[in-house]
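Some notes on the structure that comes next.
Here, each number is a calculation from the coordinates, and none is a lab measurement. Quick caveat: nothing in here was measured; it's all calculated off a predicted structure. A quick note on method: Cβ atoms are made from the backbone with ideal geometry, for glycine too, and the neighbour counts reach across all protein chains shown.
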Amino acid sequence: MALRLAMWSGPRNISTAMMRAWGSRADTVVCDEPLYAHYLMATGIDHPGREEVMAHHETDWRQVVAELTGPIPGGRSISYQKHMAHHLLPGMDRGWLGDVTNAFLIRDPAEMLTSLIKVTPFPAVADTGLPQQVEIFELVRGQTGAAPPVLDARDVLEDPRKRLAALCEAVGVPFDEAMLSWPPGRRDTDGIWAKHWYDAVERSTGFAPYKPKNEPVPRRLQPLLEECTKHYEVLHAHRLK
């Protein structure tokens, strides 16, 4: 049975490492932020390599969705889709979410924000992906009658085998030990933007141990932190244990 797993994350998370884990499975093909080019085109936001991303990747979200819900390439049985939740813009159809299995990757907002402001100094709540994650979560729960799986990044880093096994069980596939390690370097499946963002993950060979961040969130961002925390707590209450 085919599995099309859409993993919805926010920025400054372990989403690329999670893509590496699934990409290490022989039965899985991975897709890296397939809605990113459309997001850049539609918003006009200036990200590193913006023009190159739009030239190299599909900018029509309808075409992207057709591919995400179509046949899985290469004769594989699993399609793993790494998504940034904020790339699912208002006005884009949500009906296709019922044609994939949805899961969520979250991170403590204080740790996320102190990392995010290094690349986005004045973020809005929409830039964190958290309200979009909650929207998708509630939509999927309403469609299926059950809470979709949620992984917390800290839990994964503290015990990768246990959390990945729990995720595999939740989505109905066997856990594979290959998910715990991978060779360093870039992949053909990485987005063209890898050269701007993936330096650390390209050096990695597995999930790094969790290390607490003791960086305070700047006072100017306290209202944003409070808003993010409310969204995070909705999802965190359903995380896989």
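Just a few scattered comments:
- Computed from label points 7 Å out along Cα-Cβ, the spacing between A42 and Y210 is 3.3 nm.
- Counting neighbouring beta carbons within 10 Å and listing from fewest to most, the residues S9, S204, S77 come out as S77, S204, S9.
- Extension reserve of the D27-E67 stretch, reckoned as 0.36 nm per residue once the Cα distance is removed: 12.6 nm
- Between the alpha-carbon centres of segment 92-108 and segment 173-197 there is a gap of 21 Å.
- Per residue, the chain reaches -11500 deg cm²/dmol at 222 nm when only DSSP H runs of four or more residues are counted, each adding -39500 (n - 2.57).
- Partners of K118 within straight-line reach, counting aspartates and glutamates whose Cα lies under 15 Å from its Cα and excluding those fewer than 8 residues away in the same chain: D127, E215.
- Antiparallel bridge percentage (DSSP; both residues within the chain; nearest 5): 0 percent
- Built amide H within the under 5 Å cut-off of D152, gap 5+: I106, L240
- The chain: Rg to Rh, with Rh as the Kirkwood radius over Cα pairs: 0.93
- Ranking of I72, I14, I106 by neighbouring Cβ atoms within 10 Å, starting from the fewest: I72, I14, I106.
- Ordered by the number of other Cβ atoms lying within 10 Å of each residue's own Cβ, fewest first, W96, W8 fall into the sequence W96, W8.
- Low-density loop positions, trypsin sites (Lys or Arg not before Pro), segment 89-192 - DSSP coil, at most 12 other Cβ in 10 Å: R94, K118, R186
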